[in-house]
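Here's the structure we're looking at; comments come further down.
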Amino acid sequence: MKSAWAFWSGVSSKVWDLMRFIRFIFTFVGLWTCALALLALVLDGVRSIAANEVVMKSLGATWFEIDTASLNLTQAVIQRNVHPFLWDPLMQWVLMMPAWLVAALVGLFFIWLGRKRRPKVIRV
């Protein structure tokens, strides 16, 4: 028969393994999102060079080109089921930002979520 200590130490190691896996997933998603942000920045740079002026494509325009139906569905769901205020000033403001900037911020947020936290030091 296992002792209580052996049981709880096994549970503890499984929890730590799960937390390590979740941190890995957050970091992985964050790095891919930052890579997409870099790709969007390069595409904006190529468009700017071709047009001889600064051209930055907004997130809304990019989303509209990729999948118009999901953009319309997202708008309807947010306005009807969540709150109209969330769509009108907030989401529209985010959709008007450059796509590379939004992707970079989201990627950095996921990388931040996946970081390894330092243990708290209590000083007496």
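The values are calculated or read from the model by the stated rules, or taken from the named source; none is laboratory data. These figures come from a predicted structure and were not determined experimentally. In this analysis, Cβ positions are derived from the backbone assuming ideal geometry, glycine residues included, and neighbour counts consider all displayed protein chains.
Do we have any residue at all in region 74-97 that's among the small types (Gly, Ala, Ser), under 26 Å from Phe26 (Cα atoms) and either out of contact with any strand residue (DSSP E or B) (no Cβ under 9 Å at 6 or more places or on another chain) or assigned by TED's automatic domain parsing to the domain that holds Val29 (or both)?
Going residue by residue through region 74-97, those that are among the small types (Gly, Ala, Ser) are 76.
Then keep just the ones that are under 26 Å from Phe26 (Cα atoms); that gives none.
No, there is no match, as no residue in region 74-97 is among the small types (Gly, Ala, Ser), under 26 Å from Phe26 (Cα atoms) and either out of contact with any strand residue (DSSP E or B) (no Cβ under 9 Å at 6 or more places or on another chain) or assigned by TED's automatic domain parsing to the domain that holds Val29 (or both).
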Leu101 part of a helix (DSSP H, G or I), free of Cβ contacts under 8 Å to residues at least 12 places away in the same chain and either crowded, with 17+ Cβ neighbours inside 10 Å or hydrophobic (A, V, I, L, M, F, W, C) (or both):
no
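Say we look at region 44-60 and pick out the residues that are touching a residue at least 24 places away in the same chain (Cβ under 8 Å) and of a type in the set (A, V, I, L, M, F, W, C); which of these is farthest from Gln92 (Cα to Cα)?
Applying the first criterion (touching a residue at least 24 places away in the same chain (Cβ under 8 Å)) to region 44-60 yields 44, 56-60.
Checking which are of a type in the set (A, V, I, L, M, F, W, C) leaves us with 56, 59.
Working: Met56: 16, Leu59: 10 Å.
Applying the filter and picking the extreme gives Met56.
Pick out the one residue from Ala61, Ala69, Ala35 that is part of a helix (DSSP H, G or I) and under 23 Å from Ile111 (Cβ atoms).
Working: Ala61 fails: under 23 Å from Ile111 (Cβ atoms); Ala69 fails: under 23 Å from Ile111 (Cβ atoms).
Just a single option satisfies the conditions, and that option is Ala35.
Give the residue, chosen from Val29, Val77, that is at negative phi and either modelled with pLDDT under 95 or more than 17 Å from the chain's Cα centre (by Cα) (or both). Talk me through it step by step, then tell me what you get.
On the way: Val29 fails: either modelled with pLDDT under 95 or more than 17 Å from the chain's Cα centre (by Cα) (or both).
Within the list Val29, Val77, the selection yields Val77.
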